[in-house]
Amino acid sequence: GAGTKAVRVECRIPGSDVNPYLACAALLAAGLDGIERKLPLEPEMTGDMYSAKGIREIPHTLREAASLMNGSTMLRGAFGDEVIDHYHHAAQWEISETDRVVTDFERERLLERA
């Protein structure tokens, strides 16, 4: 806490289904990449992030996240092509399976317009 030697890093972005080891490894890889490339830190984030203005957003869909992961040279360097290709393939399968399903929302919305 403040005024102590204690240090805590908190990241609330991943969902409860995340592999914690891969998530921590990705965070460490990103941090090391930033240090190696001497990237400037972004401003500290405090307060209510739901109402904050002008901040970068994380991907909103699996499709968007998979595309960004697949194209990330940093992640490919940290994990290797085989790992990234494996997870990208798994994400693409999940996306294609999801795209095949008609949801209750879609049924109700489309029937509402009929």
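Just so it is clear, none of the values below were taken in a lab; they were calculated from the coordinates. Quantities reported herein were computed from a predicted structural model and do not represent experimental measurements. A quick note on method: Cβ atoms are made from the backbone with ideal geometry, for glycine too, and the neighbour counts reach across all protein chains shown.
Structural remarks
- Residue of LEU27, LEU75, LEU41 that the Gaussian network model of the chain assigns the largest fluctuation, springs spanning Cα pairs under 10 Å: LEU41
- Förster radius 22 Å - calculated FRET efficiency between ILE58 and ARG8 (Cβ-Cβ, nearest 0.05): 0.55
- Surrounding net charge for LEU75, when Lys and Arg each add one and Asp and Glu each subtract one, Cβ distance under 13 Å: -3
- Stokes-Einstein diffusion for the stretch 20-113, with the hydrodynamic radius set to the Kirkwood value over Cα pairs and evaluated at 20 °C in a medium of 1.002 mPa s, equals 131 µm²/s.
- Dividing the Cα radius of gyration of the stretch 37-89 by its Kirkwood radius returns 1.08 for Rg/Rh.
- Helical segments meeting 18 Å axial Cα length and Kyte-Doolittle 0.0 threshold in the chain (DSSP H): 20-36
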